[in-house]
Amino acid sequence: MPAPAQRRIIFQHIDEPGYTNDLACYQRHGGYEVLKKAVTRKPEELIDEVKKSGLRGRGGAGFPCGVKWGLVDRKSGKPIYLIVNADESEPGTFKDRYIMHQDPHQLIEGTMISCFANNVKQAYIYIRGEMPHGARILEKAIAEARAANFVGPNILGTGYSCEIFIHRGAGAYICGEETGLIESLEGKRANPRIKPPYFPAVLGLYQCPTIVNNVETLCHVKYIVEHGGEAYTKIGTPGNTGTRIFCVSGHVQRPGYYEFEAGKITMGQLLNEVCGGPLPGRTFKAVIPGGSSAKVMRFGERYKGKRKLGADLVDYDWGVEDVPMDFDCLAMVGTMGGSGGVIVMDDTVNMVEALANINAFYSHESCGQCTPCREGALWMKKITTRMVHGLARNEDAALLKSVADQIPGRTICAFGEACSWPTQSFIAKFGDEFKGYPEAKKAAKPANANELV
Amino acid sequence: MIAPPKPELVTVNIDGKEIAVPKGTNVIEAARLVGVDVPHYCYHPKLAIVGNCRMCLVEMGMPAVDPATKAPVIDPATGKQKINWIPRPQIGCGTNAAPGLHIRTNTPMVKDCREGVMEFLLINHPLDCPICDQAGECKLQEQATGYGRGYSRFIEQKNVKPKRTQLGPRVTLDDERCVLCSRCIRFSRDIAKDDVLGFIDRGSHSTLTCYPGKKLENNYSLNTVDICPVGALTSTDFRFKMRVWFLKQTNSIDTESSVGANTVVWSREGAIYRITPRRNDEVNDTWMADTGRVLYKQVKADNRLTSVKINGADSGLDIAVNAAAELFKAGSVAIVGSGRSSVEEQFLTRKLATTLKAPAHLVSRVGEGDRLLISADRNPNVRGALVTGLIAALPSAQLTELAAQIDAGKVKTVVSVGEDLAAAGLSAAQLAKVAIVYLGTYANETSAAARVVLPTLTVFEKGGTFVNQQFRVQKFLKAVPGAEGATDDLVVLAKLVAAAGGGSVPSEINTLWKTIAAEVPALGTMTFANLPETGLLLDATPWSALPFAEGETLHYKPTKAAQLVVGS
C-alpha cells in the first residue's frame, strides 16, 4: 500500500519559498482572521469545539486538551495562567522549533485564542534555553502582534486584554515537565512538584490555576477553532484526531519532519517510502518511535493481540513496519507516540553503545530531587559507560534491567519512566547484544559504522 | 485550659487495622498510631512536605463504588466492599487520610520499593559509619538494616563531593553522606526564615551548599543537624567527641528565656556532651536555639564556686549557715530572689523571706525576643516567682529600691540567691555597707564581697520545675552529679530557713512538693513525680493584668495567654 500524501495543517507554510516569519507575510496568508472571529464568540463555545475535536496534547503524553482545559479551577477567583511549553528537549524531536522559527505568528494566534477561550489574562511562552534565536523571533513577533492589537490591552476593541511574555529556560530537560517548568518560571530550580496536591489546573504558577500546553497543540487549537471541532475529528482516526508531525532522524535516506494524518500511515510507509528507506547497503535494526524516552522497537519482532476497530474487536498481527503511527497503536505495541521523534538505527549500530548514549543524556538531565531517578539514572549510565570502555561483564544486562525496574512509577514526575524505559526495552529486545558485548567489543567495527558521539 | 477543638475523624485501614484519625493526617502519622512503621527520610512532622526521598512508598486503595449508582461494590469472595488498589505505589507523607482509605505496607511491591530506594541511597554513600557521628542515631543505618537487601551490587566509582564544608560557625557538612532530603533547606527557609541553604548541580551530583557569600549562622542553625537523617550535617562542637550510644539522656528545660524550650541533655560519666531539643508541640515543636545548646559548658566553667567561704576563708556548710543565722539575728534582712531559680527554690526563698520578715526582690532580664524560641524575658522562671508568691509585681532590672534602703541604713544583711547585685545596680560602696549571704554557682563581684558564700548547683545538676511564659509548669531533671564543693540549692535554702527559725522544711524535691501543693493554691493538685513530660498549663487569671515583657514567639501570643484563661 503506498503511503498517503502529507497533510500539512501546522506545517502548511513551513519551508514554503518566500514565506517569512513576519506579521505581514502571516496576514497575507490569512493570519489572525481566526482570532478576529474567535473573540466575537463565547469562550465556552471555543472550549466546546476543542473538547469535540478530541485533540490530544502533542507534548508527549497525549492527554486530551479539552479535558485538561475542563480540569481548570475556574471558581477560585484566582487568575488563570496559560503557559506555552516550548521547552522542546526530547532527543529526536524538533517540530516546535520549526514552528517558532518559521511561523511564530501561528503559535501566537493559537495562544491568544486559547487564552480568550479560558479567560486567561497572562500567558507565558517558556522557550528552551538553547533556542536563543527562537526567543528573539518570538519577541519580535509578539511586538508586531502587539502593535497590531492582537496581543495586549483591549484586543481588537473587544475589551479583552491578554499579555504574552517570553521566558527563556535555563537549559535543562526537566524544565519541560510541566510542574518543573512552573517552578523554573517562578525563578526556582526546576524540581517537579508532587501531584497531589500541586496539579497545575488547581495549584500551578504562583499557586494559581494554570494551563500548560505544547506549542504544536496550541497551533492545532487555532485550526480547530477555524474549522470546527467536528471537522477536525474527520482528520486522522477516532481517538487520534488531527495530524501528527513526525521528526525522523537517524539512518534513513531522507530524515526530516513530515506531517501526516494520525494513524493513517504506518511505520514502514514512513521510513521506507517517505524517508527513502535505509542507507545504501544497510538494513533497519531498531526504531524509537516517540522521542528517546519511548521504548525501542526491534525490526523483525511481531506484535499480536486484539484491538478495537469501530465497535468490533479485531486481531492484529503486526511487524514494526505495519504499526499505524498514532498514540493508541504505539501504546498497544508497548511503546509510545510521545513527541513524534522517530529515531532510526540500522545494522551498524551497537545497541549497548546506543544505550550508553541515551543513559548519559538522562543521567545528566535528572533534576536530582527524588532518589530512584537521581541515583538510578547515574548508576545505569555508569554501567553502560563501563561496558563501552571495555569492562563489560556478563551479568551487566541483568543488573541494568534490575536497576531500571526500580525506577518507573516510584518517582515524583514522569522522568522516572523516561530514563528507565530505554534501558528496560533495550535489554528486553537486544538482550543478546548485551550478553555478547564483551566479545563484540573485541571484534573490529564494521567499516561503514557511524561514530556515536 | 480550653479543650482543643474536636477534629473531624475519618476511619482508615492500615495493614488491616482500622483506626479513626483526624482528617488530613498523613499516612505516616496514621500508621504510627497503629504501630506500623513507614520508613522515611525527607518527611518531618514540622516541615513542608516535598516527597522526594520515596522511602515511604505504600500501596493505597479506596473502596469501590459503582460509578453509575454510587452504591458500594461488594466483593463476593469476602462479602465486604471491594477495594480498588492503585497499581502504582504512593508516598505516605503526601497521602492524607480520607474516609475509607486503605493502605498496605507489607506487600511484596512495597518491600521491593523500599529495597530499591535503600539501595539507591547507599550506592553513592561513603558507608563510613565507623567514623561517622550519626552512627547509632542514623536513619540510613536503621532503615538499611530494617528494609535494605543487605548486600551491594554496585561496583562503579562513587561520586566525590566536598567532605568537610564549614556551612557556618557551628555546622560542618559532609556532602558525600547527604541523601538530598532537603529538610535543612526547608527548615532554614520556613522556620528560621534565613534562606541560605540550597542545592547546586543536578542529578546525583546535586550538592548541598550555602548561598555564595552567606553562612548558616543564624541562632537556629544546629536544628539542621538534629533533623538531618544522616551524618551529613554535624555539630562542629559535638563532632568526633562521643559515640551517641554511650550517652545518657535526661529531660531538661532551656533556661535562656521564658519560652522554656524542652531539651534533652546527653551525658556520660558525669560529663555533658550535648543538648538537643525535645519535642513539645505546645512549646518548641522540635526546635531550640543554638545558644541554649552550649549552656552545659557552664557546668565546668573556670569561675565555678566550689567551696563554702566565710569572710573569704574556706569553711563548712553548717558553719556557714550558722554564720548566716548570726547575721539574720541582727534583723533588717533583704532578700534578692531569682527568676532563674526553680519553682521549688523560689518557694523556699519565699519561706526564708517570710520567716525573716524580709522584703523579697527579683531582678528582671529583658532583652529582645527573636519571635521564635527566645522571648524578651530572659529569666526562665519569673512566673514561678509570681505563682509561689515570692513577688507580687513584675521585677525591674535594677535594684533601685534596695539601693535606696541600703543607703538609708534600713538594710543590714542581703541574701542573694544567685543574683550578682553589682550587675543589678548596687555600687561597690553599697555592697560594702551590708553583710551579704550569697548562694550561687559562679564567682562575681557579689561573691567576692559576700560575708558568706554558699556554692550551689547549675540547672543540669539538680531537678526542679520552671513556669514558662504560657504559665506551663515544666520539669527538668538532674543529668550529672553536682560539682564537688557545691550543694543543692534546696538543701542550702532549707538549712537557712531552719537556721532563721522557720522550722524544718523538706529539701528532697518530692517531699517538698507536698508542702508546695499544700501552700501554693495554683499548684495544689500537682506532684513533682506526676508532672507530664510536656508540662501542665496553669490558670493564669490571677496574673493576667500584669504587663509581661514577652512579644509573640512560637506557640505564644501575648494576648493568647489571657484568652486561654477566659475559656477555661
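The values are calculated or read from the model by the stated rules, or taken from the named source; none is laboratory data. Here the structure is a predicted model, which means the values were calculated and not measured. When we count neighbours, we look across all protein chains shown, and the Cβ atoms used for this are built from the backbone with ideal geometry, even at glycine.
Set side by side, the residues B:315, B:332, B:338, B:364 differ, and just one is on the phi > 0 side of the Ramachandran plot and assigned by TED's automatic domain parsing to the domain that holds residue B:554, which is B:332.
Of a type in the set (Ser, Thr, Tyr), out of contact with any helix residue (DSSP H, G or I) (no Cβ under 6 Å at 6 or more places or on another chain) and either free of Cβ contacts under 8 Å to residues at least 24 places away in the same chain or within 30 Å of residue B:224 (Cα to Cα) (or both), is that true of residue B:375?
yes
The set of residues in region A:196-206 that are within 13 Å of another protein chain (Cβ to nearest Cβ) and in contact (Cβ under 8 Å) with a residue 40 or more places away in the chain contains only A:199. If you check residue B:168 against the conditions, is it modelled with pLDDT of 95 or more, in a loop (DSSP other than H, G, I, E, B) and of a type outside the set (Val, Ile, Thr)? Spelling it out, residue B:168 is indeed modelled with pLDDT of 95 or more, in a loop (DSSP other than H, G, I, E, B) and of a type outside the set (Val, Ile, Thr).
Just checking, does region B:90-110 include any residue being within 20 Å of residue B:204 (Cα to Cα) and facing chain A (nearest Cβ under 9 Å)? There is no residue in region B:90-110 that is within 20 Å of residue B:204 (Cα to Cα) and facing chain A (nearest Cβ under 9 Å).
Sort through B:193, B:241, B:215 and tell me the only one that's of a type in the set (D, E, K, R), assigned to a loop (DSSP other than H, G, I, E, B), away from chain A (no Cβ under 14 Å) and under 21 Å from residue B:47 (Cβ atoms).
B:193
For region B:91-132, filtering for residues that are in a loop (DSSP other than H, G, I, E, B) and under 30 Å from residue B:160 (Cα atoms) leaves 6.
Checking each residue in region A:178-189 for being in contact with a helix residue (DSSP H, G or I) (Cβ under 8 Å, 6 or more places away or on another chain) and modelled with pLDDT of 95 or more picks out A:180, A:181, A:182, A:184, A:185, A:186.
For region B:305-318, the set of residues classified as closer than 13 Å to residue B:492 by Cβ and without any contact (Cβ under 8 Å) to a residue 24 or more places away in the chain consists of B:316 only. The residue of region A:54-112 that is surrounded by the fewest Cβ atoms within 10 Å (Cβ to Cβ), among those that are of a type in the set (Phe, Trp, Tyr) and in contact with an Asp or Glu (Cβ under 9 Å, 6 or more places away or on another chain), is A:94. In the condition set (1) buried (at least 17 other Cβ atoms within 10 Å of the Cβ); (2) more than 14 Å from every other protein chain (Cβ to nearest Cβ), residue B:119 is compliant with all but (2). Scanning region A:5-19 for any residue that is without any contact (Cβ under 8 Å) to a residue 60 or more places away in the chain and under 24 Å from residue A:160 (Cα atoms) turns up nothing.
Give the residues of region B:238-268 that are over 18 Å from residue B:289 (Cα atoms), of a type in the set (A, V, I, L, M, F, W, C) and in contact with a strand residue (DSSP E or B) (Cβ under 9 Å, 6 or more places away or on another chain), sorted by residue number. Residues satisfying the conditions are B:240, B:242, B:244, B:246, B:247. Could you tell me whether region A:174-186 includes any residue that is closer than 26 Å to residue A:69 by Cβ and touching a Ser or Thr at 6+ places or on another chain (Cβ under 6 Å)? Yes; the residues of region A:174-186 include at least one that is closer than 26 Å to residue A:69 by Cβ and touching a Ser or Thr at 6+ places or on another chain (Cβ under 6 Å).
The combined condition, being surrounded by 22 or more Cβ atoms within 10 Å (Cβ to Cβ) and more than 14 Å from every other protein chain (Cβ to nearest Cβ), is fulfilled by residue A:338. Taking the stated definitions as given, is residue A:447 more than 13 Å from chain B (Cβ to nearest Cβ) and either among the acidic types (Asp, Glu) or part of a helix (DSSP H, G or I) (or both)? No; evaluated as a whole, the condition is false for this residue. Taken over region B:154-165, the criterion of being in a loop (DSSP other than H, G, I, E, B) and in contact with a Ser or Thr (Cβ under 8 Å, 6 or more places away or on another chain) is satisfied by B:159, B:161, B:162, B:164.
Of the residues making up region B:443-457, those that are in contact with a helix residue (DSSP H, G or I) (Cβ under 8 Å, 6 or more places away or on another chain), surrounded by fewer than 23 Cβ atoms within 10 Å (Cβ to Cβ) and of a type outside the set (A, V, I, L, M, F, W, C) are B:445, B:451.
Within region B:358-406, the set of residues being assigned to a loop (DSSP other than H, G, I, E, B), surrounded by fewer than 24 Cβ atoms within 10 Å (Cβ to Cβ) and among the aliphatic types (A, V, I, L, M) comprises B:358, B:372, B:376, B:391, B:392, B:393, B:394, B:397. Kindly list, by first and then second residue, each pair from a residue in region A:45-58 that is in the same structural domain as residue A:215 (by TED's automatic domain parsing) to a residue that is of a type in the set (D, E, K, R) and surrounded by 24 or more Cβ atoms within 10 Å (Cβ to Cβ), limited to pairs with Cβ atoms under 7 Å and residues at least 6 apart or on different chains. So the pair list comes out as A:58/A:216. Give region A:295-319 a look and list any residue that's under 19 Å from residue A:273 (Cβ atoms) and either within 21 Å of the chain's Cα centre (by Cα) or surrounded by fewer than 15 Cβ atoms within 10 Å (Cβ to Cβ) (or both), or say none. Within region A:295-319, A:297 is the sole residue that qualifies. Just to check your reading of the model, which residue among A:98, A:126 is within 30 Å of residue A:419 (Cα to Cα), of a type in the set (Ser, Thr, Tyr) and touching a strand residue (DSSP E or B) at 6+ places or on another chain (Cβ under 6 Å)? Within the list A:98, A:126, the selection yields A:126. Examine region B:93-107 for a residue that is free of Cβ contacts under 8 Å to residues at least 12 places away in the same chain and assigned by TED's automatic domain parsing to the domain that holds residue B:21, and state whether such a residue exists. Among the residues of region B:93-107, not one is free of Cβ contacts under 8 Å to residues at least 12 places away in the same chain and assigned by TED's automatic domain parsing to the domain that holds residue B:21, which makes the answer no. Between B:511, B:553, the distinction of being β-branched (Val, Ile, Thr) and either surrounded by 14 or more Cβ atoms within 10 Å (Cβ to Cβ) or not assigned by TED's automatic domain parsing to the domain that holds residue B:350 (or both) belongs to B:553 only. Of the residues contained in region B:218-231, one or more are found to be away from chain A (no Cβ under 14 Å), closer than 27 Å to residue A:364 by Cα and either assigned to a loop (DSSP other than H, G, I, E, B) or acidic (Asp, Glu) (or both).
One residue stands out in region A:370-429 among those that are surrounded by fewer than 19 Cβ atoms within 10 Å (Cβ to Cβ) and assigned to a loop (DSSP other than H, G, I, E, B): the one that is farthest from the other protein chains (Cβ to nearest Cβ), namely A:394. Of the listed requirements (1) more than 25 Å from residue A:414 (Cα to Cα); (2) within 14 Å of chain B (Cβ to nearest Cβ); (3) of a type in the set (A, V, I, L, M, F, W, C), residue A:361 misses just one: (1).
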